[in-house]
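Participant: Supplied in structure tokens, the structure appears directly below.
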Amino acid sequence: MSDRISQHASHCILCGKCLQVCPLLRATGREELGPRSKSDLCRVLAEDPGRLSEVDAARLAGLCLGCGRCREVCSQGQDVPGLVAALRGAHPNFRSWLWKTWLTRARQLWSPGSKAAGLIPERFRTEKLGPMLKMLAGMTGGPGLDPFLTPKTFPDTYRGERMLLFAGCTANYVQGRWLMAALRLLDGLGADILPDGFVCCGSGLKGAGFADEAGAMAERNVAVWREAGRPRVAVFCASCLAGLAAYDRFESDEERAQWAESLLPLSVAVRDIGFVISDNASERIGYHHPCHAGKGDPDRVFLRHALGDRLIAETDRECCGFGGVMRLAAPGLTEPVNRQCWDALRDADMVLSGCSACLAQLSATAPDRVKVGHWLETIG
Ligand code: SF4
Ligand code: SF4
């Protein structure tokens, strides 16, 4: 078993906790799609990655949303999404399969793909794929939400503090309004935002099995932070934040702890701002809790506080069904997952979230009457 694969595997004690939280298992009722079966299959295949055929690789890619919920509850440290990603990376034909799938399933992936395409770094845009990805990346969706929260009073907590802002690929290349709203809020808080040379967080590539490329991005981002004097790093995408928090290439344990300490969800920084709600605010707002936001979910805490009774629905166990690579491999399996999510949000006429991947998926699948946006879009 290769090191990269074995580092994600551990001894399963068959407690069944992961079965209770897997959104794929819950939505499909198919036990072979649950984390325990996947971990068994991975273990067999991991003994000899060379035995993986193209069909096996496609099957593995189609088996996991990469939501990480099973990993979060496993007392044995079993990392099923990590195992699946490592096996994808170990398979010699997987990359060519992935690109072939991009081409052959592009139509089905149209709208969510438009967002996802923009996230693919330049060097992966081969001559053949480049034009299609560019076209998809240009399809940025609707005009955004009308803001209805106006900041009135700012606390002094961060005044004069030098800080970095990790905006993420979606805000940098597609949703500039998120970036502008974040900068306005940090300016109001008095933070001194430093110029940065951050690249993609790498979590999407890591989940797809491109561990080396994702590792290089992690090193680059840590170097940017180091050169800036290890300041706080504000982040407003739950997936980016989870990806940054999982970095493991540091000079020492002390530096690793410093990095973890420096990551600041923007919703924590803005929690004590006094907001006024204007009349155009919806009375029926829903919140989608991203799988990668974890139990504490600072965006949810902020929105509960800022919106009060207007927040009438929240997801908790439901995954949006974006699914990363799984969306390419088995789009049919992501649909029941997505339906359960919308079922939990059925009473809302506006749905907010704080994860760029979830927002791409929810925007593409929302019922006509429902507006979808990042919580930053509500702030004027
Ligand atoms: S939660 Fe962990 S130990 Fe329990 S059944 Fe799942 S993989 Fe096994
Ligand atoms: S990562 Fe999510 S979808 Fe994949 S096995 Fe674990 S809980 Fe299920």
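The values are calculated or read from the model by the stated rules, or taken from the named source; none is laboratory data. Fair warning: this is a prediction, and the values are worked out from it, not measured in the lab. Neighbour counts run over all protein chains shown; Cβ positions are idealised from the backbone, glycine included. Please note that ligands, DNA and RNA were not included when accessible areas were found on the heavy atoms of the full protein model with its side chains. Shrake-Rupley method; radii C 1.70, N 1.55, O 1.52, S 1.80 Å.
Participant: What's the number of the condition ALA216 fails, among (1) more than 11 Å from the chain's Cα centre (by Cα); (2) open to solvent by less than 40 Å² (accessible area, probe 1.4 Å)?
Facilitator: (2)
Participant: Take the conditions among the small types (Gly, Ala, Ser), part of a loop (DSSP other than H, G, I, E, B) and surrounded by 15 or more Cβ atoms within 10 Å (Cβ to Cβ) and apply them to GLY209. Does it pass? Break it down into steps so the answer makes sense when it comes.
Facilitator: Details: among the small types (Gly, Ala, Ser): yes; part of a loop (DSSP other than H, G, I, E, B): yes; surrounded by 15 or more Cβ atoms within 10 Å (Cβ to Cβ): yes.
For GLY209, the condition - among the small types (Gly, Ala, Ser), part of a loop (DSSP other than H, G, I, E, B) and surrounded by 15 or more Cβ atoms within 10 Å (Cβ to Cβ) - is met.
Participant: Okay, moving on. Where the second residue is of a type in the set (Asp, Glu) and the first is more than 12 Å from GLY188 (Cα to Cα) and lies in region 267-279, which pairs have Cβ atoms under 7 Å and are six or more apart or on separate chains?
Facilitator: Listed by first residue and then by second, the contacts come to SER267/ASP299.
Participant: Taking only region 331-355 into account, find how many residues are surrounded by 19 or more Cβ atoms within 10 Å (Cβ to Cβ), in a loop (DSSP other than H, G, I, E, B) and either among the charged types (D, E, K, R) or under 19 Å from the mean Cα position of the chain (by Cα) (or both).
Facilitator: Total satisfying the criteria: 2.
Participant: Could you check region 301-316 and list, in sequence order, the residues that are in a helix (DSSP H, G or I), touching a strand residue (DSSP E or B) at 6+ places or on another chain (Cβ under 7 Å) and open to solvent by 40 Å² or more (accessible area, probe 1.4 Å)?
Facilitator: ARG304, ARG310 - these are the residues of region 301-316 that are in a helix (DSSP H, G or I), touching a strand residue (DSSP E or B) at 6+ places or on another chain (Cβ under 7 Å) and open to solvent by 40 Å² or more (accessible area, probe 1.4 Å).
Participant: Name the residue, out of PHE166, PHE154, PHE148, that is open to solvent by less than 20 Å² (accessible area, probe 1.4 Å), touching a residue at least 40 places away in the same chain (Cβ under 8 Å) and in contact with a Gly (Cβ under 9 Å, 6 or more places away or on another chain). Lay out the reasoning, then the answer.
Facilitator: Numbers: PHE166 fails: in contact with a Gly (Cβ under 9 Å, 6 or more places away or on another chain); PHE154 fails: open to solvent by less than 20 Å² (accessible area, probe 1.4 Å).
Residue meeting the stated conditions: PHE148.
Participant: Kindly indicate whether GLY215 is part of a helix (DSSP H, G or I) and not aliphatic (A, V, I, L, M).
Facilitator: Here the answer is yes, as GLY215 does meet what is asked.
Participant: Search region 243-259 for residues being under 18 Å from the mean Cα position of the chain (by Cα) and in a helix (DSSP H, G or I), and hand back the single one that is nearest to GLY68 (Cα to Cα).
Facilitator: GLY243
Participant: Still on this structure: With CYS319, CYS358 as the choices, which residue is out of contact with any strand residue (DSSP E or B) (no Cβ under 8 Å at 6 or more places or on another chain) and part of a loop (DSSP other than H, G, I, E, B)?
Facilitator: Matching residue, one of CYS319, CYS358: CYS319.
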